[in-house]
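What follows is a single structure, written as structure tokens, with notes after it.
The values are calculated or read from the model by the stated rules, or taken from the named source; none is laboratory data. All figures in this text were calculated on a predicted structure; none of them were measured in a lab. Neighbour counts run over all protein chains shown; Cβ positions are idealised from the backbone, glycine included. Accessible surface areas use protein heavy atoms only, side chains included; no ligands, DNA or RNA. Shrake-Rupley method; radii C 1.70, N 1.55, O 1.52, S 1.80 Å.
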Amino acid sequence: MTPTTVLVLFAAAIPYAFAQDAPPTPEQIAHQTWADNSNTQICKYTAWTWAAIIAAMLVYRWTLHLLRHVRRLANLNHGTTSDGRQKYFSIPNENYAKAKRHLISAPLFRKRHNREFHLSSAMNVGTLPGRLQTLFLVGYFVMNIAFCVITINWHDTNKTYYDDARNRTGVLAVLNMIPLFLLAGRNNPLIWMLDISFDTYNLIHRWIGRIVVIEAVAHTTFWMAGKIAIMGPAKGWAMVTTAMVPSNQLIFTGTIGTCSFVAILLQSPSIVRHAFYETFLHVHIALAIIATSAVWMHLDTLAQQSLLLGAIICWVIERSLRLYRLVRTNLGNGVTKAEVEALPGDAVRVTLRIAKPWKFQPGQHIYMYMPSVGLWTSHPFSLAWSDEQPAFSAEKTLPLSRQDLFATRKSASMSLIIRRRTGFTDKMYRKAELAAGGKFMTTAFVEGPYGHQSFQSYGTVMLFAAGVGITHQVPHVRDLVAAYGNGMCATRKVTLVWIIQSPEHLEWIRPWMTQILGMEKRREILRILLFVTRPRSTKEIHSPSSSVQMFPGKPDVGALIEKEMGGQVGAMAVSVCGTGSLSDDVRGAVRERCERSEMDFFEEAFSW
């Protein structure tokens with residue numbers, strides 16, 4: 001069967017909800033044929049719209065990738081010739097700089113984007129999407145409205161528009177379930193193809209879900225309105241009530257599906273997700289399974305079932321890839337073990353001994369399962385460090401002989417810093433705090449890695465972090481200092497700005513920063529600025545050296561970036577990982593200056 005044939009089949013009109021007493025007239029057959037062709041064209045237009053968006057983003061993504069690769073290669077050497085080329089790459093393109101300022105990196109309104117709205121300390125209503133994200137979402141919503149109404153004769157005296165609108169909204173609801181399921185997955189191939197974060201796809205997933213709910217409700221409403229309009233209110237309502245019984249599979253399962261979609265919508269607002277995330281997630285999955293099963297039965301013998309099958313296949317493949325990653329990473333060479341250590345400042349350091357490690361890269365994150373703490377639930381965390389250390393011994397005593405010591409098996413060690421919040425992280429912290437020595441060991445399962453990022457094509461790199469956001473920036477610092485020492489990057493200046501509440505938070509990464517500060521040529525490239533917002537006394541604020549400085553209070557982000565621009569080498573990358581307010585401040589500062597110098601903004605965030 002050819003793709004064209006499949007497309008025609010799934011766009012075929014849904015039969016009437018009830019069998020007709022008389023055979024259809026030639027006029028009815030002709031109208032149904034027209035409706036079939038119309039729905040087929042609408043499905044084609046939707047598919048082509050998605051294809052065009054993906055193609056445009058592919059061209060944009062790979063063009064940027066190529067330009068950054070060329071820029072890195074052109075500036076590998078440390079000589080004066082390279083610095084001359086760096087000057088060329090520091091000059092912004094006027095039109096692209098304007099696009100970054102007013103569209104690509106712009107918040108919806110003036111400044112606020114990642115800073116959350118709080119009704120109270122316990123009630124979070126989410127964040128505002130960016131300007132480009134909003135443009136896409138509004139455009140996609142308007143397109144769906146247009147496709148629901150165009151080509152339908154809304155003035156037909158025979159009132160066939162009820163059936164036409166019912167069929168159209170039903171087809172579009174099922175069609176939209178394909179991107180709905182695809183974009184919900186961690187293994188969505190568009191993440192690495194288009195270099196768009198899972199956070200953005202999660203946002204699109206939520207809004208496409210709302211569109212599906214609206215179209216499902218409209219589908220049901222047009223069916224009910226058609227019965228009432230044609231048969232009259234009394235007979236129409238009686239027919240609707242009579243139809244919603246288990247013996248009428250088409251209507252009964254359709255009703256269950258619509259009700260399940262509405263239930264998903266009602267339990268998915270940000271307030272509910274943030275306050276009861278784990279409960280929300282389990283209920284969300286259960287309702288999605290009920291809705292999908294009901295719609296599958298509703299479409300029994302109908303061509304649209306092939307569309308729903310496509311959505312289900314996306315879900316099955318994504319879950320299979322998760323299982324494959326879990327098995328590949330955690331089994332076969334022992335199992336993955338985790339040492340959880342309580343740290344000052346309500347944080348824990350999780351050191352993972354991965355059964356089958358991978359190549360560590362900056363910007364990677366994982367989903368960690370810890371059955372002894374969170375049963376089957378998984379949670380995302382940035383990988384902060386990777387090292388080679390002796391594997392955990394199953395015995396409580398150390399090896400007694402030199403031969404035993406050298407015979408101890410080596411395994412990759414990867415570490416996380418996790419701030420204590422509620423739920424899973426609170427349980428983990430309290431368990432470590434109560435354990436002997438402030439640490440405990442347990443079995444863990446790691447799913448990943450996901451994502452990676454490199455700033456090696458930029459001459460100047462500024463890394464902003466607040467609190468536990470440092471876990472995203474430390475791997476970049478080590479990567480850039482090592483690449484500079486080996487002459488393998490364009491980077492000449494790296495500035496790390498870390499905002500913490502107390503000096504005791506320095507203990508989170510002290511062993512890793514000690515290694516970084518001892519790296520070759522570190523003093524030539526790295527500067528660290530520490531800002532302590534809640535020091536207990538001024539005696540706690542002291543700068544160890546000229547390259548590692550400590551200040552009280554919050555930084556003036558704009559002033560720091562402006563100062564760095566004064567000595568900028570080549571293109572500048574500005575990355576931020578921390579609170580929403582810090583991210584918005586850095587974004588605003590970059591947007592104000594990106595038309596004067598080549599400057600790219602990178603934000604690491606995860607919302608749900």
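Find the Rg to Rh ratio for region 177-218, where Rh is the Kirkwood radius over alpha-carbon pairs and Rg uses the same atoms.
Ratio of gyration radius to Kirkwood radius for region 177-218: 1.04.
I'd like the accessible area for residue 521: 1.4 Å probe, protein heavy atoms, all chains in place, Å² to the nearest 10.
The accessible area of residue 521 comes to roughly 70 Å².
So what's region 398-543 giving for Cα Rg divided by 2.2 N^0.38 Å, two decimals?
1.26
Within straight cross-link reach of residue 427, meaning Cα distance under 26 Å, which lysines are found once same-chain residues fewer than 8 apart are removed?
337, 396, 439
When Lys and Arg each count +1 and Asp and Glu each count -1, what net charge do the other residues less than 12 Å away from residue 519, Cβ to Cβ, add up to?
Net of charged neighbours comes to +1.
In region 49-119, with Lys and Arg counted as +1 and Asp and Glu as -1 at Cβ, which of these residues, 50, 103, 63, has the Cα nearest the positive end of the dipole, that is, farthest along it?
Farthest along the dipole direction, towards plus: 103.
On a C-alpha basis, how far is the centre of region 172-186 from the centre of region 550-605 in Å? Whole number, if you could?
Region 172-186 and region 550-605 have Cα centres spaced 36 Å from each other.
Using only the Cα atoms of region 478-546, build the gyration tensor, take square roots of its eigenvalues as a ≥ b ≥ c, and label the shape rounded, prolate or oblate: rounded if a/c is under 1.5, else prolate if a/b is larger than b/c, else oblate.
prolate
Just to verify a number: FRET efficiency for residue 556 and residue 501, C-beta to C-beta distance, R0 = 22 Å, to 0.05? Present the calculation step by step, with values, prior to reporting the outcome.
Working: r = 18 Å, r/R0 = 0.83.
After rounding to 0.05, the efficiency reads 0.75.
Give, rounded to the nearest 20 debye, the magnitude of the charge dipole that region 440-512 has about its Cα centre when Lys and Arg contribute +1 at Cβ and Asp and Glu contribute -1 at Cβ.
Computed charge dipole of region 440-512: roughly 300 debye.
Looking at the chain, identify the longest residue range that excludes and avoids all GluC sites (Glu not before Pro) in DSSP loops having at most 13 other Cβ atoms within 10 Å.
Result for the longest clean stretch: 1-394.
Which log10 I(q)/I(0) values, to two decimals, does region 111-200 give at q = 0.12, 0.13 Å⁻¹ under the Debye formula with one point per Cα?
Each listed q maps to, in turn, -0.62, -0.70.
Considering only Cα-Cα distances, which of the following residue pairs are longer than 31 Å: 431/539; 356/431; 356/493?
Long pairs (Cα-Cα over 31 Å): 431/539; 356/493.
Rounded to the nearest 20 debye, what is the charge dipole size of the chain about its Cα centre when +1 sits on each Lys and Arg Cβ and -1 on each Asp and Glu Cβ?
1540
For the full complex of protein chains and a 1.4 angstrom probe, list 316, 569, 576 by accessible area with the highest value first.
316, 569, 576
Shape verdict for region 513-570, please, from the Cα gyration tensor: rounded (a/c under 1.5), prolate (a/b greater than b/c) or oblate.
Numbers: a/c = 2.94, a/b = 1.19, b/c = 2.48.
Taking the square roots of the gyration eigenvalues as a ≥ b ≥ c, region 513-570 is oblate.
Could you compute how much accessible surface residue 441 exposes when probed at 1.4 Å, giving the result in Å² to the nearest 10?
We get 100 Å² for residue 441.
Give me Rg over Rh for region 49-162, both radii from the alpha carbons and Rh done the Kirkwood way, two decimal places.
Computed over Cα atoms, the ratio is 1.20.
Please determine, in degrees from 0 to 90 and to the nearest 10, the orientation of helix 161-183 with respect to the longest principal axis defined by the Cα atoms of the chain, where the helix direction is its Cα long axis.
In the chain, helix 161-183 runs at an angle near 20 degrees to the longest axis.
So what's the net charge close to residue 546: Lys and Arg +1, Asp and Glu -1, counting the other residues with Cβ under 11 Å from its Cβ? Don't jump to the answer; show the numbers that get you there.
Details: positive: 523, 527; negative: none.
Residues near residue 546 contribute +2 overall.
Run the reach check for residue 235 against lysines, Cα to Cα strictly under 28 Å, same-chain hits fewer than 8 apart removed. What comes back?
Of all the lysines, those that pass the test against residue 235 - Cα under 28 Å, at least 8 places apart if same chain - are 159, 227.
Put a dot 7 Å past each Cα toward the Cβ at residue 95 and residue 536; how far apart are the dots in nm?
Taking the simple label geometry, residue 536 and residue 95 are separated by 5.9 nm.
Rounded to the nearest 0.05, what FRET efficiency do residue 301 and residue 275 have when you use their Cβ-Cβ distance and R0 = 45 Å?
Details: r = 43 Å, r/R0 = 0.95.
For R0 = 45 Å, the calculated efficiency reads 0.55.
Over the Cα atoms of region 212-347, what Rg and Dmax result, in angstrom?
Calculated on Cα positions, Rg and Dmax stand at 21.8, 72 Å.
So what's the net charge close to residue 530: Lys and Arg +1, Asp and Glu -1, counting the other residues with Cβ under 14 Å from its Cβ?
My count for the surroundings of residue 530 gives +1.
Can you give me the distance in nm between label points at residue 346 and residue 375, each placed 7 Å from the Cα along the Cα-to-Cβ direction?
Calculated label separation equals 2.6 nm.
Taking every DSSP beta bridge with both residues inside the chain, roughly what % is antiparallel (nearest 5)?
55
For the chain, with the dipole built from +1 on Lys and Arg beta-carbon atoms and -1 on Asp and Glu ones, taken about the Cα centre, which of 541, 88, 251 lies farthest toward the positive end?
541
Nearest 20 debye, what's the magnitude of the dipole of region 484-580 about its Cα centre given +1 on Lys and Arg Cβ and -1 on Asp and Glu Cβ?
With only Lys, Arg, Asp and Glu charged at Cβ, the dipole is about 120 debye.
Dividing the alpha-carbon Rg of the chain by 2.2 N^0.38 Å yields what?
Here the answer is 1.13, to two decimals.
Separation of region 30-44 and region 417-469 by C-alpha centroid, Å?
Between the Cα centres of region 30-44 and region 417-469 lies a distance of 53 Å.
What fraction of the Cα pairs in region 148-214, stated in percent, has a spacing above 18 angstrom? Walk me through the numbers on the way to the answer.
Details: 1110 of 2211 pairs.
Tail of P(r) above 18 Å: 50 percent of Cα pairs.
Tell me the angle of helix 277-298 to the major Cα principal axis of the chain, expressed in degrees between 0 and 90 and rounded to the nearest ten.
30
Round to a whole angstrom and tell me the spacing of the C-alpha centers of region 470-549 and region 320-357.
Cα centroid of region 470-549 versus Cα centroid of region 320-357: 26 Å apart.
Which Cα, out of 181, 490, 366, lies furthest along the positive dipole direction of the chain (beta carbon charges, K/R +1, D/E -1)?
Checked the options; the winner is 490.
Please determine, in degrees from 0 to 90 and to the nearest 10, the orientation of helix 580-593 with respect to the longest principal axis defined by the Cα atoms of the chain, where the helix direction is its Cα long axis.
That works out to roughly 80 degrees.
With r as the distance between the Cβ atoms of residue 109 and residue 543 and R0 = 60 Å, compute the FRET efficiency 1/(1 + (r/R0)^6) and round to 0.05.
So the FRET efficiency works out to roughly 0.95.
Once both labels are modelled 7 Å past Cα along the beta-carbon direction, what's the residue 34-residue 443 spacing in nm?
In this crude spin-label approximation the distance works out to 6.6 nm.
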